[in-house]
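First comes the structure, then the notes that go with it.
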Amino acid sequence: MKNIILIGFMGSGKTSAGISLSYRLRRTMVDTDKEIERLYHMRIPEIFERLGEEEFRKMETGYLEKLLRGSGGKIISTGGGLPMREDNRELLKKLGTVIYLRVRPETVCSRLAGDTSRPLLQGEEKDEKVKRLLEMRAPVYESAADIAIDTDEKTTDGIVDEILERIGVWR
Ligand code: S3P
């Protein structure tokens with residue numbers, strides 16, 4: 001059975017939508033960030049600090065390969081930077097249906113205002129960082145996705161309804 005994979009920027013709601021989808025479809029959900037933290041016994045900021053971003057990206061690829069060897073039918077929520085590697089985009093394609101949760105930079109900024117868990121958004125001028133990174137990444141997300149969904153001003157339930165409708169699952 002195909003997996004359903006959620007991609008998108010930090011704060012786009014991949015984890016919330018993934019949890020809700022897994023309840024609605026009664027399927028197992030995995031979150032690549034959480035699985036990497038569990039496998040390597042480190043939180044993401046610690047991985048970035050001690051090993052660097054490049055090493056984290058290799059861990060993401062390794063985890064996707066592991067998923068590909070396992071059984072399908074899962075809901076897979078991914079880290080925001082994961083589709084930026086071409087290898088990973090190819091693995092995502094093989095894994096199943098890729099759904100991009102589009103979000104505006106202003107929405108990300110308000111959702112992640114006090115967040116300290118995303119190493120790439122720490123320090124000064126967070127809003128600028130979000131805007132710049134999102135602008136750079138948006139075309140890549142679009143190209144990696146089978147389906148793209150606008151999520152601004154939608155509830156998690158509304159987003160999940162739309163996902164189910166677009167992939168043709170009867171609710
Ligand atoms: C990252 C997004 C994060 C996490 C890491 C790097 C990124 O995941 O993988 O901090 O490069 O966009 P979320 O998208 O779940 O926040």
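The numbers here are math on the coordinates, done by the rules we state, and not lab data. Every value quoted in this text rests on a predicted model; they were computed, and no experiment measured them. Using ideal geometry, Cβ is built from the backbone for each residue, glycine included, and neighbour counts are taken over all protein chains shown.
Tabulated results
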quantity: Mean separation of Cα contacts under 8 Å, 6 or more apart, over the residue count of the chain: relative contact order %; calculated: 34
quantity: Value of [θ]222 nm, deg cm²/dmol, for the chain, DSSP H segments ≥ 4, -39500 (n - 2.57) each, nearest 500; calculated: -17000 deg cm²/dmol
quantity: Residue order, fewest to most surrounding Cβ atoms within 10 angstrom, among T151, T15; calculated: T15, T151
quantity: Set of lysines near K129 by C-alpha distance (under 21 Å), chain-local residues within fewer than 8 positions excluded; calculated: K14
quantity: Pairs of lysine residues in the stretch 28-113 - Cα separation under 16 Å, sequence separation of 8 or more or cross-chain; calculated: 9
quantity: Where a label projected 7 Å from the Cα of R27 along Cα→Cβ would reach, residues of the stretch 70-107 with amide N under 16 Å; calculated: 70-78, 92-101
quantity: Range in the chain, longest, excluding exposed GluC sites (Glu not before Pro) [loop by DSSP; at most 12 other beta-carbon atoms within 10 Å]; calculated: 1-123
quantity: Distant-in-sequence amide H partners of R104 (H built 1.01 Å from N, under 5 Å); calculated: D152
